[in-house]
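Working notes, beginning with the structure itself.
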Amino acid sequence: MRYPPGRFKDGLVTASPRGGVLRSRWMPSLQRHVFVCINERAPDNPKGCCMLKGGVDVRDRLKAELSARGLSKVIRANNAGCLDQCERGVTVVVYPEQVWYGRVTADDIPEIVEKHLIGGEVVARLLLPDQPHLQGRTAFPALEIGATTK
């Protein structure tokens with residue numbers, strides 16, 4: 001489908017395929033993307049579920065922490081459905097590194113934000129086992145702080 005020529009001003013497109021006005025911002029440029037499992041299973045499920053183990057509290061604390069530090073434009077926090085790790089407590093996955101954390105509580109969030117999301121250092125005590133893709137790495141590039149003001 002071809003789009004008619006549009007006017008670009010401050011990252012906005014002002015023409016749509018149907019000739020109307022489309023107002024859309026450029027896609028965000030995120031340095032990290034964090035998924036928090038809030039999957040819900042029946043209370044009698046032997047695996048348990050992240051929802052009943054505090055997944056919503058973890059997600060809410062993460063969003064609040066990112067917002068309070070002015071990081072919401074460079075680090076995105078999202079709900080995740082089942083990540084198949086519910087028996088290991090609330091699961092959190094950080095991309096692009098694909099670092100999986102387990103048994104995360106709301107009280108762990110400031111440490112994850114400070115050490116990993118900002119500093120690039122894996123929080124070893126929360127790291128789930130069996131992550132060969134990490135190849136033993138425990139450090140990644142730190143957040144580009146200047147990007148938070150854009």
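Can you confirm whether the range 79-96 contains a residue that is hydrophobic (A, V, I, L, M, F, W, C), modelled with pLDDT of 95 or more and farther than 20 Å from Arg125 by Cβ? Yes, the conditions are met somewhere in the range 79-96.
Among the residues of the range 79-99, those that are open to solvent by less than 50 Å² (accessible area, probe 1.4 Å), not in a loop (DSSP other than H, G, I, E, B) and not β-branched (Val, Ile, Thr) comprise Ala80, Cys86.
Of all the numbered requirements in (1) open to solvent by 30 Å² or more (accessible area, probe 1.4 Å); (2) modelled with pLDDT of 95 or more, Arg32 misses one, and that requirement is (1). Checked across the range 104-116, the condition of being assigned to a loop (DSSP other than H, G, I, E, B), within 18 Å of Lys47 (Cα to Cα) and open to solvent by 30 Å² or more (accessible area, probe 1.4 Å) holds for at least one residue. Total residues in the range 56-76 satisfying the condition of being open to solvent by 10 Å² or more (accessible area, probe 1.4 Å) and in contact with a Lys or Arg (Cβ under 7 Å, 6 or more places away or on another chain): the figure is 0. Against the list (1) at pLDDT 95 or above; (2) within 14 Å of the chain's Cα centre (by Cα); (3) over 29 Å from Gly48 (Cα atoms), the condition Arg137 fails is (2).
The values are calculated or read from the model by the stated rules, or taken from the named source; none is laboratory data. Every value quoted in this text rests on a predicted model; they were computed, and no experiment measured them. Neighbour counts run over all protein chains shown; Cβ positions are idealised from the backbone, glycine included. Keep in mind that these areas ignore ligands, DNA and RNA; they rest on the heavy atoms of the full protein, side chains included. Shrake-Rupley method; radii C 1.70, N 1.55, O 1.52, S 1.80 Å.
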